1. Kindly indicate the residue of the stretch A:85-105 that is buried (at least 21 other Cβ atoms within 10 Å of the Cβ) and within 12 Å of chain B (Cβ to nearest Cβ) and also nearest to B:ALA120 (Cα to Cα) among those meeting that condition.
2. Could you check the stretch A:31-46 and list, in sequence order, the residues that are under 18 Å from A:ALA120 (Cβ atoms) and among the acidic types (Asp, Glu)?
3. Would you point out which residue out of A:ARG57, A:ARG14 is of a type outside the set (Gly, Ala, Ser), at pLDDT 95 or above and more than 17 Å from the chain's Cα centre (by Cα)?
4. So, in the stretch A:60-84, exactly how many residues are over 19 Å from B:ILE127 (Cβ atoms) and of a type outside the set (S, T, N, Q)?
5. When the stretch B:52-76 is examined, which residues are found to be away from DNA strand C (no atom under 12 Å from the Cβ) and within 24 Å of B:LEU36 (Cβ to Cβ)?
6. Looking only at the stretch B:40-70, which residues are among the β-branched types (Val, Ile, Thr), within 12 Å of DNA strand D (Cβ to nearest atom) and in a helix (DSSP H, G or I)?
7. Filtering the stretch A:60-84 down to residues that are more than 8 Å from chain B (Cβ to nearest Cβ) and under 14 Å from the mean Cα position of the chain (by Cα), which residue is surrounded by the most Cβ atoms within 10 Å (Cβ to Cβ)?
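The values are calculated or read from the model by the stated rules, or taken from the named source; none is laboratory data. Model, not experiment: these values are computed from the prediction. For neighbour counting, all protein chains shown are included, and Cβ atoms are generated from backbone atoms with ideal geometry for every residue, glycine included.
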Protein chains: 2
Amino acid sequence: MVTIAQPGLAERLRAGQRQDERGNLFDADCPTRLILDRIGDKWTVLLVILLSEGPMRFTELRTHLGRVAPKVLTQSLRRMERDGLVTREVFAEVPPRVEYELTELGRDLLAPIDAVRLWAEEHAARIVANRERHDSGPA
Amino acid sequence: MVTIAQPGLAERLRAGQRQDERGNLFDADCPTRLILDRIGDKWTVLLVILLSEGPMRFTELRTHLGRVAPKVLTQSLRRMERDGLVTREVFAEVPPRVEYELTELGRDLLAPIDAVRLWAEEHAARIVANRERHDSGPA
DNA sequence: CGGCATCCGTTTTGATACTG
DNA sequence: CAGTATCAAAACGGATGCCG
């Protein structure tokens, strides 16, 4: 019942020895958790998907995302830049132009993100149905 | 440069016609976003991974997760139950025992989650390095 | 155009104490 | 044991206005 890429989780859990070379995912300080936190960010995932089409300007991103305060969008982009997921290029023009582009690392991230997105699109209807049944069920 | 399963995003973006049968991911009300939100939850992903090993009791989950207030853990589990990701079985014993178990839908979710986790484990070090370089770089 | 600064409301998470 | 109730903090997201 264990799926892919989970060698010995059960053993490590049972032994209380949940530590391995990659660190312990269940430790708040585990580096892997950093990425999970980033995925949890409201806009990052959407930004990666958008930028997978190619470089995009600030306002362009904003338009596609809908209701995002510029401050928030900047924060997300800056974090992604810090992590090395995107590059930020400023063009010395008037009016100014700033383009964001995925790095190779960022493009790499698209694969797992797409996996999640595909799953979500595939099962969204069922989950919505589950919710409705649950909410009206136990009267 | 477009990766898997993204047929015509570019076209849809350009046309401003970002709507298709599955709804528009960039619309806040898109069902797919519901799942993304759930993934963004601080504990849900970890819970799915833990429960992939088999049924587990409330306290058992709590122990593995570290610092979780019982209230918060309950909230996460209840949401997952509502979505049909886990089942909650109460045993009429003293002391009481409650076991949580992944549904088939929940086990299904493990695949995309593992994809993300694998990616994260693989690239965490690099991202941490990027951050450090970035933080000390622009002096 | 692409932000930054400021203020503020909501949501999320947590610590703690108590109960069936 | 498995929660619930309460209180408090904080992280997050958003609105707005100004500026290079």
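1. A:LEU85
2. The one that is under 18 Å from A:ALA120 (Cβ atoms) and among the acidic types (Asp, Glu): A:ASP41.
3. A:ARG57
4. Total satisfying the criteria: 13.
5. B:SER52, B:LEU61
6. B:THR59, B:THR63, listed by residue number.
7. Ranking the qualifying residues of the stretch A:60-84, first place goes to A:MET80.
Every residue, every condition in (1) within 24 Å of A:ASN24 (Cα to Cα); (2) among the β-branched types (Val, Ile, Thr), yes or no:
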{"position": "B:ARG38", "(1), (2)": "yes, no"}
{"position": "B:LEU50", "(1), (2)": "yes, no"}
{"position": "B:THR74", "(1), (2)": "yes, yes"}
{"position": "B:GLY106", "(1), (2)": "yes, no"}
{"position": "B:ALA111", "(1), (2)": "yes, no"}
{"position": "B:ASN130", "(1), (2)": "yes, no"}
{"position": "B:SER136", "(1), (2)": "no, no"}
